[in-house]
1. If ARG28 satisfies all but one of (1) touching a His at 6+ places or on another chain (Cβ under 9 Å); (2) open to solvent by 10 Å² or more (accessible area, probe 1.4 Å); (3) outside any helix (DSSP H, G or I), what's the number of the condition it fails?
2. Which one is least open to solvent (accessible area, probe 1.4 Å) among residues in the range 270-298 that are touching a residue at least 40 places away in the same chain (Cβ under 8 Å) and touching a Gly at 6+ places or on another chain (Cβ under 9 Å)?
3. Can you tell me which residues in the range 227-247 are crowded, with 18+ Cβ neighbours inside 10 Å and over 16 Å from ALA309 (Cα atoms)?
4. Please enumerate the residues belonging to the range 4-25 that are in a strand (DSSP E or B), within 19 Å of the chain's Cα centre (by Cα) and surrounded by fewer than 20 Cβ atoms within 10 Å (Cβ to Cβ).
5. Select from the range 124-143 the residues that are farther than 20 Å from ALA309 by Cβ and either of a type in the set (S, T, N, Q) or within 14 Å of the ligand (Cβ to nearest atom) (or both) and list them in ascending order.
6. Would you point out the residue of the range 144-185, among those that are surrounded by 18 or more Cβ atoms within 10 Å (Cβ to Cβ) and assigned to a loop (DSSP other than H, G, I, E, B), that is nearest to the ligand (Cβ to nearest atom)?
7. GLU222 passes all but one of (1) within 11 Å of the ligand (Cβ to nearest atom); (2) open to solvent by 10 Å² or more (accessible area, probe 1.4 Å); which number fails?
8. Can you give me the number of residues within the range 23-53 that are among the small types (Gly, Ala, Ser), without any contact (Cβ under 8 Å) to a residue 24 or more places away in the chain and within 17 Å of PRO107 (Cβ to Cβ)?
Amino acid sequence: MRAKGVVILGATGSIGRNALDVISRFPRRFRVVALCAGSNAGELAALSRRHRPAVACLSQGNIADLRKGLPRGTRALAGEEGMMEAVCAADTDIVLAAASGVSSIRPVISAAERGKRIALANKELLVMAGKFVTSAARRGGAEILPVDSEHSAVFQAIDGHPRESVRRVILTASGGPFRTCTLARMRTATVGEALGHPTWKMGAKISVDSATLMNKGLEVIEACWLFGFTPDRIDVLIHPRSVVHSMVEFRDGSILAQMGIPDMRIPIAYALSYPSRLPLELPRLPLHRIRDFGFDAPDRKRFPALPLAYAAAEAGGTAPAVLNGANEEAVRAFLAGRIGFTDIVRVVDRVVSGWSEPLAARRLEDVMRANESARRLTREKISRRGRPLPS
Ligand code: MG
């Protein structure tokens, strides 16, 4: 069996590094064809020296800096074109889409059109452009395998079952660091507190999204595209222990749950090796120590991101791109200390509810444009108000 060629988009991020850890333990199954990163030339060069890909690609940074640090035999590429070349190469079998933002959208669509397996970690791609990514995969006969832990859980529970036998999908959420806080307390939450995710170690943006539950809202939209369900078939359940990564309820009343330790290497490995499972030597889930699972319904009043995301999922078209763009800018302003924690979703709500442009998404450009103008509008709203927003 030939080792599968893997391209990692977002190699220097936490998913990228975890993926490299998995890949380096199974050199006969996988080989790194290309590593792509945003602007961190030094880190990308260091990873390239360790993993020896044929290509290292920097989507935004200085390619001269990258070239200096690359080992012999690794070619430097740049920009969207470079990513495109790497993902479409004949020896690329799997594209791990873990770059943040939407810089990789066109390369991922092209890879799907060529039938490459897409291991999808970047939820924005489906949130914003689910229609275009999934139709490209259909055209090219490509599989899209979720890396997001919840969606990997659903994928594992649903696999082999006919779609019509599913009653609903249940995405679990840790509830974030403010799960038990009052709204008044949440208003004064600091950046440090918002970044203190109880179970998963993640980047700043997604940690804040987990604290507002916007991450779960985006995951609802992601699940709609991955599994082909309408938003009313997708529920969210708070589960602070993060033992059950998600569940599927079938029409006969059976519920299948996927459990495990919270370690992203498990869903990453499964997306790479599906349908086989790799012998990952990780700590095991201490089931005998789990006294109760502790499920709870989410509080939509304290976490208004959730109903906002459901509304965007129902509206369809460019609505999720508007939501996502507004949220990115609001989170950025919060991390920069310019708005308060509860202002994040308040600003997003104002942008979304004041949106007057048409929602039809006929072409990929329509969602990109909507996302851009939502970002612009959000920045304007924030700079006009300064901090803090009046309640
Ligand atoms: Mg997740």
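The values are calculated or read from the model by the stated rules, or taken from the named source; none is laboratory data. Model, not experiment: these values are computed from the prediction. Ideal geometry is used to build each Cβ from the backbone, glycine not excepted, and the neighbour counts take in all protein chains shown. For the accessible areas, the whole protein counts, side chains as well, though only heavy atoms, and no ligand, DNA or RNA atoms are used. Shrake-Rupley method; radii C 1.70, N 1.55, O 1.52, S 1.80 Å.
1. (1)
2. Ranking the candidates gives PRO298 first.
3. Matches in the range 227-247: PHE227, ILE238, HIS239, PRO240, SER242, VAL243, VAL244, HIS245, SER246, MET247.
4. Residues of the range 4-25 that are in a strand (DSSP E or B), as a first pass: 4-9.
Narrowing the set further to residues that are within 19 Å of the chain's Cα centre (by Cα) leaves 6-9.
Of everything in the range 4-25, nothing turns out to be in a strand (DSSP E or B), within 19 Å of the chain's Cα centre (by Cα) and surrounded by fewer than 20 Cβ atoms within 10 Å (Cβ to Cβ).
5. At the first step, the residues of the range 124-143 found to be farther than 20 Å from ALA309 by Cβ are 135-143.
Once the filter is applied, which keeps residues that are farther than 20 Å from ALA309 by Cβ and either of a type in the set (S, T, N, Q) or within 14 Å of the ligand (Cβ to nearest atom) (or both), the range 124-143 yields only SER135.
6. Initially, the range 144-185 is screened for residues surrounded by 18 or more Cβ atoms within 10 Å (Cβ to Cβ), giving 144-158, 166, 169-179.
Filter once more, keeping what is assigned to a loop (DSSP other than H, G, I, E, B): 147-148, 174-179.
Values: VAL147: 9, ASP148: 4, SER174: 9, GLY175: 13, GLY176: 12, PRO177: 16, PHE178: 17, ARG179: 16 Å.
Here the answer is ASP148.
7. Result: GLU222 fails condition (2) only.
8. As a first pass, look at the range 23-53 and keep what is among the small types (Gly, Ala, Ser): 24, 34, 37-39, 41-42, 45-46, 48.
Okay, now just the ones that are also without any contact (Cβ under 8 Å) to a residue 24 or more places away in the chain, so 39, 46.
From what is left, the residues that are within 17 Å of PRO107 (Cβ to Cβ) are 39.
Looking only at that region, the number is 1.
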